[in-house]
Amino acid sequence: MLGKYFYTSLSILLIAVTAYLSCTRQPSDSIDFNADIRPILNTKCISCHGGVKESAGFSLFSREDALRKTDSGKPAIIPGDPDNSEFMRRLTSQDTEERMPYHAQPLSTEEIAKLKEWIKQGAHWSKHWAYIAPQKPSVPADTSGKAINPIDNFIWAKLQQQGLTPMPEASKSVLLRRLSLDLTGLPPTEIEVQVFTNDTSSQAYEKQVDRLLASPHFGERWAAMWLDMARYSDTKGYEKDQYRNVWRYRDYVIKSFNEDKPFSEFTIEQLAGDLLPQPTEEQLIATTYHRNTANNDEGGTDDEEFRTAALLDRVSNTWEVWQGVTMSCVQCHSHPYDPIKHEEFYQSMAFFDNTRDEDVPSEAPTLVHFDPADELKITQLKDWVKQALPPTQQQQELDRMESLVRIGEPKIHPHTFDQLTNAALIDGKYLGGGHDGFARLKGIDLTGKTNLILNISTRNGGTLKIRKDRLDGEILAEYKVPQSVNGKRQPAQREIISIKQTSGKHDLYFVFQNSSLKNAQDYVFQIDWILFTDLPQTIDKAEYAKAKETLLQLLNANAEKTPVMQENPAEFRRRTHMFDRGNWLTKGKEVQPGTPEILPSFDSYPKNRLGLAQWLVSPENPLTARVTVNRFWEQLFGYGLVESMEDFGSQGTQPSHPELLDWLAMNFQRQQGWQVKKLLKLMVLSHTYRQSSVTSPELIEKDPANRLLARGPRFRLTAEQVRDQALSVGGLLSQKMYGKSVMPMQPEGVWKVVYSDMKWETSPGEDAFRRAIYTFWRRSSPYPSLLTFDAAGREICVSRRIRTNTPLQALVTLNDTVYLMAARGLAQKMQMAEEVPEKQIAAGYYSALFRQVPEAKLKLLTKFYHEADTFYKQNPHQVVSFLGKETYSTNRNPPQLAALTLVANAILNLDEFVMKE
């Protein structure tokens, strides 16, 4: 017993001595707050004492909070005096009701020692590394003399520290397949492999890099990555999940990558293209980025609720995509781990709060895409404007007229009306009124307004009167329509009616009249939206009437529309308020547009979306370039230099190579001018990228995930690449680019969605075999085979796809119609290439992987072929069923083709085929 007590006491003494020695460091051995202290506070303390909770009035959200007085009236931390700091007393207390963390495992002796030394040294705070502007580090020396560019220097410096050396360069065929899949998302052709293999010049590899960067398929490959973050979908989301016409935005992204548009410009156009001076159609389409939020068409839903939901999504999305900051939790409270205040979320929201979109079925504002005949009418309308106005007034009026025709804002939607009497919001979306029913529109500024554009429909005819200020007030405008002949509701039409010139703000009463209505539930008119505007009045009456008719024709043109962003004019400007605990129904104090204090000042930028976009890509911003280069690095190497690409905050992963990350970020921003192709070329030219992915027991033990990059990248292809590669190898892939989304083959019955008449109709001809990026994407039911391979559902922003490995993936590639057709296409190539089965199989393997088939695999595949060939010769009806009547009747040896198809299917399912190695 005494011996046990002695050894226990000795252990305690040794621990105490260790703790004492760890606290008696030399002055130069300072505590690093980010490395030593922040991890302890974030994992052990901040859940009760941080941005969410402040138990006992004590918070570790910032140094200022940590040193202030707590509920006891005294500060818990006294810099320089750990012995008299309540913080330390609570950490070391023997009373379990006092000791912190409360009712949890106590801190380790080492952690307590670090905290004590930290307080002793002054309890200094440091910004998290990601919020500090990068400084371009010096490039480590290359002692081997074999580094191709600075990426190798940084990677090899760390390998040397770990006693590792890089692998030699991969074989030419493997390297070209890797490079082609990475840069274009497609495998090379056999001819391209032969050209590269036979090119012995020192520039052979770089020539292939330049060729692939210039390929039009480059944009298709990289757009797939961006569309995940843009939450791009061909439907609106929610229960109805109806069609949304946004394919032009997808094409904009593809073209931007192909043009190597600087990422800074790409950013500004998507966040604020509409705020640029005289924006082009392309710049307006770019703003569809933030119109990809979900839109709820379900009857009875509150438009403002779902407008707010879209607004909140835009805030979180912008911070995640461009800053790698997890902002969504700040909607309800200050950030639990990073110094971002609750109020700062709503300052960010204020940038987006003044856009015109309001969760309406029409998805206004939209950009109208006219056909050539209607474009001619726009030219005629402009000519009339030029004739009507002096030169000094022309440009402003021309711009306004063009905007009126193409976008038509600011529209006023039915949910803006109040005091509805014998009137109602039909489905909560459209304003309908019965006989003598009315609805009020409050506080409308009529100064300079001469016309009202209505989007209106009827089946009963009647009169709409607009009265000023009172229900029996002056009639400002009147609209009459006779009853329809067949009594059916007429399609909604835009109508232009004149209104009496009136200045100032007024309440307007929209009064519906039709005394012939027999059913009190019948409505006189249904209004989708209204728009007050003015037309040039100096044109003579005949010309004015002609111009008005042309305008009306354009407003009613049957043209496609793309949802875009538009800013509110001054009279429609919203005030942004904080939400109490994140509840949009409980408004707090008003806030102005702004960015978190932890980041560089926003003072010199305009307080709108354009200012925000410019600030994001400014030289002072510490995050945008880092986050962006990290994203492209992950696509090539499997992991980002910061693995948590969506979170660069203090709870994210630490950079594996922080100096390399900063060097790449600075170089991308300043030397490469934000040009993605230059960045990617730098990465793929490095030896680090080119090296073989062959591993060794030592590498697996020291670096199982290949974070140190002592070997080349090896991981499964993306969902799009798996499908596109199979179609390409099978000779089926269409080269067609751009245009509306297509519907390739998918299993029957997948699209059974309530409240929707949408149907999956397989696209004809080559459209069924277009690249995966053109596949129609429905949020409630994404394309099954792509989803099985971890494609994003696109309901929300996805910065990083998590790769999985499930039996369902093998079931897709073994049984899905697309993959079976690709296998048949490869089998036909095998059948034509050789006569002997072994040679046919070898040719098929080479066609898929550009290397000779190993003998053991050839034997297995040949055995499989003979078994299948025997089966099909004995069961000819199975051949017809498997190949189809047309292929069966035109092929010279159908049983052989069926057997080869099974072999080809096996080749397309090999691990090395669906992997990049």
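Bear in mind that the values in this text are calculations on the coordinates, not laboratory data. From a predicted model like this one, the values you see are computed outputs, not experimental measurements. Reconstructed Cβ throughout: ideal geometry from the backbone, glycine too, with neighbour counts over all protein chains shown.
Quick check on the chain: helices-only [θ] at 222 nm, where DSSP H runs of length 4 and up contribute -39,500 (n - 2.57) each and the sum goes over total residues. Nearest 500, please.
Computed mean residue ellipticity for the chain: -12000 deg cm²/dmol.
Using a cut-off of 25 Å between alpha-carbon atoms, which lysines can reach K53, once sequence neighbours fewer than 8 places away in the same chain are excluded?
K44, K69, K74, K114, K116, K127, K341, K587, K589
Quick one: net charge of D790's neighbours, Cβ under 11 Å, K/R +1, D/E -1?
Values: positive: R716, R800, R801, R803; negative: D228, E720.
Net charge around D790: +2.
If you count, for each residue, the other Cβ atoms within 10 Å and average over each peptide, how do 140-148, 408-416 line up from highest to lowest?
Numbers: 140-148: 13.3, 408-416: 20.7.
Ranking the peptides 140-148, 408-416 by packing returns 408-416, 140-148.
Pairs of lysine in region 414-541 with Cα under 24 Å and at least 8 positions apart or on different chains: total?
29
For region 433-485 and region 705-738, what is the separation of their C-alpha centers, rounded to whole Å?
59 Å
Region 172-215: Rg/Rh from Cα coordinates, Kirkwood Rh? Can you show the working numbers first?
Numbers: Rg = 9.4 Å, Rh = 10.2 Å.
With Rg and the Kirkwood Rh in hand, the quotient comes to 0.92.
Under 1.5 on a/c is rounded, so check that first for region 801-913, then, if it is not, pick prolate when a/b is larger than b/c and oblate when it is not; a ≥ b ≥ c are the square roots of the alpha carbon gyration tensor eigenvalues. Please list the in-between numbers first.
Details: a/c = 1.84, a/b = 1.26, b/c = 1.46.
It comes out oblate by the Cα gyration axes.
Straight-line reach from K136: which aspartates and glutamates have Cα under 15 Å away, leaving out those fewer than 8 places along the same chain?
Cross-link targets: E620, E659, D662.
So which of K255/K377; K207/K681; K207/K677 end up more than 22 Å apart, counting from Cα to Cα? Show your work: numbers first, answer last.
Working: K255/K377 29 Å; K207/K681 11 Å; K207/K677 14 Å.
Flagged as over cut-off: K255/K377.
Students often forget the sequence filter, so: which lysines lie under 25 Å Cα-Cα from K857 once same-chain residues fewer than 8 apart are removed?
List returned: K172, K829, K839, K873, K916.
Place a +1 charge on the Cβ of each Lys and Arg in the chain and a -1 charge on the Cβ of each Asp and Glu, then give the dipole magnitude about the Cα centre in debye, rounded to the nearest 20. Could you put the intermediate results ahead of the total?
Details: 108 positive and 115 negative charges, 146 e Å.
For this selection, approximately 700 debye.
How long is the gain from T392 to S30 if the chain were fully straight, where each residue apart is worth 0.36 nm and the alpha carbon distance is subtracted?
Details: separation 362, 0.36 × 362 = 130.32 nm, distance 6.83 nm.
Gain on stretching T392 to S30: 123.5 nm.
Could you sort the peptides 733-740, 89-96 by per-residue average Cβ neighbour count (10 Å cutoff), highest mean leading? Please list the in-between numbers first.
On the way: 733-740: 14.8, 89-96: 13.0.
Ranking, from highest mean packing down: 733-740, 89-96.
Can you tell which of Q270, L181, V52 lies farthest toward the positive end of the dipole of the chain, using +1 and -1 charges on the Cβ of basic and acidic side chains (Lys, Arg; Asp, Glu)?
L181
Quick one: Cα centre-to-centre distance for region 781-824 and region 739-769, in angstrom?
Going from one Cα centre to the other spans 16 Å.
If you take the Cα Rg of the chain and divide it by 2.2 N^0.38 Å, with N the number of residues, what do you get?
Details: Rg = 33.4 Å, N = 917, 2.2 N^0.38 = 29.4 Å.
Cα Rg divided by the expected 2.2 N^0.38 Å: 1.14.
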